[in-house]
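Student: To start, I am sharing the structure in question, which I have written as C-alpha cells.
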There are 2 protein chains.
Amino acid sequence: VWIRVLGSAAGGGVPQWNCGCANCQEARRGGTNLQPRSEDSLAVSVEGDRWLLVNCSPSVQRQIEAFPPLHPRAPRHSPIAAIVLSNGDLDHCLGLFQLRESQPLTVYATARVWEGLVERNAIFRTLKRTADQITWRPLELNRAVPWEGGLGIEARPIPGKLPLHLEGVIDPSPEDNVGLWLTNERDGRRVAYLSSVADASCLTESDLDVECLFFDGTFFTDDELERLGLGTRRAAEMAHLPIGGAAGSLARLKSASARRKIYTHINNTNPILRADSAERRAVERFGWEVAFDGMELRG
Amino acid sequence: VWIRVLGSAAGGGVPQWNCGCANCQEARRGGTNLQPRSEDSLAVSVEGDRWLLVNCSPSVQRQIEAFPPLHPRAPRHSPIAAIVLSNGDLDHCLGLFQLRESQPLTVYATARVWEGLVERNAIFRTLKRTADQITWRPLELNRAVPWEGGLGIEARPIPGKLPLHLEGVIDPSPEDNVGLWLTNERDGRRVAYLSSVADASCLTESDLDVECLFFDGTFFTDDELERLGLGTRRAAEMAHLPIGGAAGSLARLKSASARRKIYTHINNTNPILRADSAERRAVERFGWEVAFDGMELRG
C-alpha cells in the first residue's frame, strides 16, 4: 500500500489566515524549522493507479496538484476513485465542493455524516447534477467494507463530537466521529487513521496493533490556546485528547504495538510543529513521528 | 485605490483537478506561457491597511498567504474588513467557510444571494457561533452603500443565472447576479467588476466609463467545451457571453471608454490563457489585458 499524507494540520491549516502566533509567523517566513501544512487528509492506493482519499480538505485542489499520481490522465478524468470521511467537520468535508465539474464521485461515510452533509445543505446539490454523479457507500460501525485492490475499510466509533455547525441541530451519535482501519487483505497489514480522538480509553491492544497509526495531534497541552492568549476553550472541550501530560496520548499509547506512530491533524499552535522544540524531541523520544504534507509511506 | 487580483480563473481554477486539456497540462508543466490561476477574486483597499475582498474563492487561504498585506498583524487579527459577493456561485462563496475560527466577518450581498447561502445550508452555522461573528450588509440594486475610506459599493443587476445548486429550488431574480461598481468618493474614479455576464446589452456608456473594467472572460467561443470534447454545454447555456465572434464581448465593448479593460473569471479551456495564442494577440490588439493572479493596480 502506498500512502501519501496530503495534509497534516487541523482546521485552518498552518499558517491560519487570522493567526499571528509564533508558529504561524514562522511558517510565513519560510525556512526549515516549521513547514506550512494544509488540513489533514491521506491518499491511499494499492497499485498506484486508483486512489482513495481519506477526508477531503478545503485545500484538496492544491493537495492534488502537489502529487502527480492524482493528476488526470485524460481530458476529463481523475485517479481519485473514492473518498472516505472520518467525520463531518468542515476541514474534512469542504473539499468535496471543489471536486465538482460533473465528475462522478464515490463517498464512504456513516449515515449520520452523510445525512448531515447532504440533507442540510443546498450547496450539496452541485454534486447531484446527474443521477450518477455522487454515490454514497454507507459505513456501518465495526463492519469492514471491501474497496478496490483488496483494501478493506472499517469504521469504528471514536469519542469525538458533532461538527460545530450541527451542534444543537441533531443529537450526538456514535456515528459522528469514527476511526478508520484500512486493511490490505493480501497480507492482513493495517493502517489506522484516528484524526479526532477525545478519549483513547476505548482503544484495545488489537486496535493499535497496526503497521501505522495516524493519531490526533491537535494540541500538546489542554490549555494551549489560553496560554497563548488565543482563546479560552480547552482541548477537552473541543474533543481533542492532548499529546502531553499524565493523561495525554503520549503516555496513554506508550505501549501501543503500532510499528509506526504518527501525529497528524496538528493545530497551528502546537509546539511539535517546530523541529527545534522540546515537545518535538519528547514525542520523538517516545517513538512518534510528526506528519508533514508530502510525507509518503510505502509497503 | 490599491487593487490586487487574488484570483482570475473561473470555477475549478487552472489547472482544474479533473482536466487534462492542453491548457491544464501546460499549467502543470510550469513555464511562462501559461500560469496557474485560482478562482476570481479581488482585494481592494483605499489606504492599504484595511481590505475589501470582492468574492471569496475556494482558494482564499492560499490567496491571502500570497499577499502579505492580508496577513494578520496580531495574534488574532485580519486586515480583511469586509467581503462583497457578486453572486452565489460556489467559486465566489465557498471561501467564506474557510474564514472561520470565530473571526468577525462583514459580508455585503443582495438579499437573494445571502438567503441562498445562509438559510439553506447548515454549514453556514459555523459562521454564526457568536452573535457578532457574521454581519450582513444588504446590497440593494442601483444604490451605492458607503464602505470605509470613502469607497462606495454599488450593485447593478447583470444578466446571469442562479447558482447551479439553487436551480429549480428558487425562482430567478435580478438580485442573483450583479456587477459591482466601486467608487473612490474623493475623486469619483470607479472600478467595475463584472465577472459573470450573459448579455452586455444592458450596459450603458456611463456604466463602462470607468478607470478599470474587469469583465467576464470565461470562454472565447460559444462552443469551446464541445470543440475540445469536454462537454456539450454552450457558453450561452452557462450564462457567459463569449469573448470572440460577432456578438462577443470584444466586438460589443469595442467603444467602451474604460481606461483599462481586463478579462477575468477565465475558464481553464480559454486560449487567451496562453501568452502565445492568436486569441491572446486578438484581445490585446483590442486593448484588453488578461488578468493573472498577483496582478496589481494602483491609483
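Student: Is it true that some residue in the stretch A:216-227 is buried (at least 23 other Cβ atoms within 10 Å of the Cβ) and touching a Leu at 6+ places or on another chain (Cβ under 7 Å)?
Tutor: Yes; the residues of the stretch A:216-227 include at least one that is buried (at least 23 other Cβ atoms within 10 Å of the Cβ) and touching a Leu at 6+ places or on another chain (Cβ under 7 Å).
Student: Return the only residue of B:R156, B:R143, B:R189 being within 15 Å of the chain's Cα centre (by Cα) and more than 18 Å from B:L117 (Cβ to Cβ).
Tutor: Working: B:R143 fails: within 15 Å of the chain's Cα centre (by Cα); B:R189 fails: within 15 Å of the chain's Cα centre (by Cα).
Every option except B:R156 fails the conditions.
Student: Hey, among the residues in the stretch B:139-166 that are in a loop (DSSP other than H, G, I, E, B) and among the basic types (K, R), which one's least open to solvent (accessible area, probe 1.4 Å)?
Tutor: If we filter the stretch B:139-166 for residues that are in a loop (DSSP other than H, G, I, E, B), which is where we start, we get B:139-140, B:142-144, B:147, B:158-163.
Checking which are among the basic types (K, R) leaves us with B:143, B:161.
Details: B:R143: 135, B:K161: 56 Å².
Step by step, filter the stretch B:139-166, then rank; the result is B:K161.
Student: Since B:F97 meets every condition but one in (1) buried (at least 24 other Cβ atoms within 10 Å of the Cβ); (2) facing another protein chain (nearest Cβ under 7 Å); (3) in a loop (DSSP other than H, G, I, E, B), which condition does it not meet?
Tutor: (3)
Student: I want to confirm something. Restricting to the stretch A:100-112 and keeping residues that are without any contact (Cβ under 8 Å) to a residue 60 or more places away in the chain and polar (S, T, N, Q), which single residue is farthest from the other protein chains (Cβ to nearest Cβ)? Even if it seems obvious, please write down each step before you answer.
Tutor: Filtering the stretch A:100-112 for residues without any contact (Cβ under 8 Å) to a residue 60 or more places away in the chain gives A:100-109.
Adding the requirement that they be polar (S, T, N, Q) leaves A:102-103, A:106.
Numbers: A:S102: 8, A:Q103: 4, A:T106: 14 Å.
Checking each candidate, the answer is A:T106.
Student: Mind checking which residues of the stretch B:231-284 are open to solvent by 30 Å² or more (accessible area, probe 1.4 Å) and of a type in the set (S, T, Y)?
Tutor: Matches in the stretch B:231-284: B:T232, B:S255, B:S257.
Student: Okay, next question. Would you confirm whether any residue within the stretch A:173-180 is touching a strand residue (DSSP E or B) at 6+ places or on another chain (Cβ under 7 Å) and surrounded by fewer than 20 Cβ atoms within 10 Å (Cβ to Cβ)? Before the answer, list the steps.
Tutor: Kept after step one, since they are touching a strand residue (DSSP E or B) at 6+ places or on another chain (Cβ under 7 Å), are these residues of the stretch A:173-180: A:174-180.
The next check asks that each one be surrounded by fewer than 20 Cβ atoms within 10 Å (Cβ to Cβ); those that pass are A:174.
Within the stretch A:173-180 (the criterion being touching a strand residue (DSSP E or B) at 6+ places or on another chain (Cβ under 7 Å) and surrounded by fewer than 20 Cβ atoms within 10 Å (Cβ to Cβ)), the answer is yes, since at least one residue qualifies.
Student: Related question: When you go through (1) out of contact with any Gly (no Cβ under 6 Å at 6 or more places or on another chain); (2) farther than 16 Å from A:L99 by Cα one by one for A:T126, which number turns out not to apply?
Tutor: (2)
Student: For the stretch B:13-40, give me each residue that is buried (at least 22 other Cβ atoms within 10 Å of the Cβ) and on the phi > 0 side of the Ramachandran plot.
Tutor: B:G13
Student: Considering only the stretch A:113-148, state which residues are in contact (Cβ under 8 Å) with a residue 40 or more places away in the chain, away from chain B (no Cβ under 13 Å) and of a type outside the set (A, V, I, L, M).
Tutor: Pass one, the stretch A:113-148, residues in contact (Cβ under 8 Å) with a residue 40 or more places away in the chain: A:113, A:116, A:120, A:137, A:139, A:147-148.
This time we only want the ones that are away from chain B (no Cβ under 13 Å), so: A:137, A:139, A:147-148.
Selection gives A:R137, A:W147, A:E148.
Student: Does the stretch A:111-129 include one or more residues that are open to solvent by 30 Å² or more (accessible area, probe 1.4 Å) and part of a strand (DSSP E or B)?
Tutor: No, there is no match, as no residue in the stretch A:111-129 is open to solvent by 30 Å² or more (accessible area, probe 1.4 Å) and part of a strand (DSSP E or B).
Student: May I ask you to list the residues in the stretch B:225-237 that are closer than 19 Å to B:I272 by Cα and in contact with a Ser or Thr (Cβ under 9 Å, 6 or more places away or on another chain)? Working first, answer last.
Tutor: Quick first cut of the stretch B:225-237, residues closer than 19 Å to B:I272 by Cα only: B:225-230, B:234-236.
Passing the criteria: B:L225, B:E226, B:R227, B:L228, B:L230, B:A235.
Student: With respect to B:W136, determine if the residue is aromatic (F, W, Y), closer than 30 Å to A:G13 by Cβ and in a strand (DSSP E or B).
Tutor: In short, yes.
Student: List every residue pair whose Cβ atoms lie under 6 Å apart, where the two residues are 6 or more positions apart in sequence or sit on different chains, the first residue falls within the stretch A:268-294 and is under 18 Å from A:G245 (Cβ atoms), and the second residue, located anywhere, is among the acidic types (D, E) and part of a helix (DSSP H, G or I).
Tutor: Within 6 Å, the pairs are A:T269/A:E224; A:P271/A:E279; A:I272/A:E279.
Student: Let me ask you something else. Conditions first: (1) assigned to a strand (DSSP E or B); (2) in contact with a Lys or Arg (Cβ under 7 Å, 6 or more places away or on another chain); (3) of a type in the set (K, R). B:R280 passes all but one, so which condition is the exception?
Tutor: (1)
Student: Can you pull out every residue in the stretch A:283-299 that is within 14 Å of A:V5 (Cβ to Cβ) and either modelled with pLDDT under 95 or not in a loop (DSSP other than H, G, I, E, B) (or both)?
Tutor: From the stretch A:283-299, those within 14 Å of A:V5 (Cβ to Cβ) are A:289-298; that's our starting set.
A:E289, A:V290, A:E296, A:L297, A:R298 - these are the residues of the stretch A:283-299 that are within 14 Å of A:V5 (Cβ to Cβ) and either modelled with pLDDT under 95 or not in a loop (DSSP other than H, G, I, E, B) (or both).
Student: Go through the stretch A:53-87 and count every residue that is crowded, with 24+ Cβ neighbours inside 10 Å and touching a residue at least 60 places away in the same chain (Cβ under 8 Å).
Tutor: Summing the residues that are crowded, with 24+ Cβ neighbours inside 10 Å and touching a residue at least 60 places away in the same chain (Cβ under 8 Å) in the stretch A:53-87 gives 6.
Student: Here's another thing I want to ask about it. (1) more than 13 Å from the chain's Cα centre (by Cα); (2) at the interface with chain A (Cβ under 9 Å from one of its Cβ atoms); (3) surrounded by fewer than 23 Cβ atoms within 10 Å (Cβ to Cβ); (4) in contact (Cβ under 8 Å) with a residue 40 or more places away in the chain: which one isn't true of B:L90, the others all being true?
Tutor: Result: B:L90 fails condition (1) only.
The values are calculated or read from the model by the stated rules, or taken from the named source; none is laboratory data. Source: prediction; values computed, not measured. Methodologically, a virtual Cβ is constructed for each residue, glycine included, from the backbone with ideal geometry; neighbour enumeration extends over all protein chains shown. Ligands, DNA and RNA are stripped out before the accessible areas are found, and what is left, the full protein with its side chains, is counted by its heavy atoms. Shrake-Rupley method; radii C 1.70, N 1.55, O 1.52, S 1.80 Å.
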